[in-house]
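Here is the structure we will look at, set down as structure tokens.
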Amino acid sequence: MRFSQISVLFKRELSSYFATPIAYVFIVIFLFLSGIFTFYLGNFFALGQADLSAFFTFHPWLYLFLIPALTMRLWAEERKSGSIELLLTLPVTIGEAVVAKFLAAWAFTTIALFLTFPMWMTVNYLGEPDNAVIAAGYLGSLLMAGAFLAIGSSISALTKNQVIAFVITVVVCLVFILSGFSMVLDFFSWAPQIIVETISSFSFLTHFYSVVKGVIDLRDIIYFLSLITFWLFCTAIIIEMKKAD
């Protein structure tokens, strides 16, 4: 895999976000909802604690709808407009194109997440938070966002219809979120404990909330990175199979 080719395509893809209103609408909505969930629904002031636990608690649910809206056009739009043929005639492999488009979307999400930095400054002004725990929360959020993006990329490659890509991505991501909930695990109460624990281990929440608490376990990082790698591999396979469509 040639990093120079990935870099060129990465820059093109990242700049394309800011060439349309999509980037600005996404960022505004993300920041607005983050503030609402943190300071109002999260009872930030009522709790009287100088931390961002309320802020990170709602991230899986924010990403559940915002990131599919971001990824639905990654490949679906390319296929619908026919520009995917032009993309594949460039001196890049399918794998390089998949990685570049994913990294551009991840970088854009990182920018949106970075713009919440004033919240971090606010809690430091109001008290003395554990900044190491907050930093871990940002790391966990970024890794989870990458997993959402990789899933969305793969689903977008499956169809030319952006709405279908959005809906399916939301459903698949919701499954990964709910797999750690008791209402799902109770359904498998008949199964051996090891199966129940395995199903629970696939939940985004199990790994994300562990990192948010400040416990950076290598297994949680490996989980998200493995998930990203798997879904990007699936994306490449799907594009290879459908490039003749």
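Quick notes on this one:
- Residues considered: Ala150, Ala165, Ala145, Ala136. Of these, the only one that is touching a Gly at 6+ places or on another chain (Cβ under 6 Å), part of a helix (DSSP H, G or I) and modelled with pLDDT of 90 or more is Ala136.
- Check on Ala104, surrounded by 15 or more Cβ atoms within 10 Å (Cβ to Cβ), under 29 Å from Met241 (Cβ atoms) and modelled with pLDDT of 90 or more: yes
- Apart from one condition, Ser83 fits all of (1) modelled with pLDDT of 70 or more; (2) small (Gly, Ala, Ser); (3) over 23 Å from Gly146 (Cβ atoms); the exception is (1).
- Inter-residue pairs, beta-carbon under 9 Å, first closer than 25 Å to Glu78 by Cβ and in region 161-189, second modelled with pLDDT under 70, 6+ apart: Asn161/Lys80; Gln162/Lys80
- The one condition in (1) over 15 Å from Thr159 (Cα atoms); (2) at pLDDT 70 or above that Glu77 fails to fulfil: (1)
- If only residues of region 197-219 that are under 19 Å from Phe58 (Cβ atoms) and not hydrophobic (A, V, I, L, M, F, W, C) are counted, the one that is surrounded by the most Cβ atoms within 10 Å (Cβ to Cβ) is His207.
- Qualifying positions in region 92-117 - among the hydrophobic types (A, V, I, L, M, F, W, C), assigned to a loop (DSSP other than H, G, I, E, B) and within 30 Å of Thr38 (Cα to Cα): Leu115
The values are calculated or read from the model by the stated rules, or taken from the named source; none is laboratory data. Since the model is a prediction, treat every value here as computed from it, not as a measurement. Note that each Cβ is placed from the backbone with ideal geometry, even for glycine, and that neighbours are counted across all protein chains shown.
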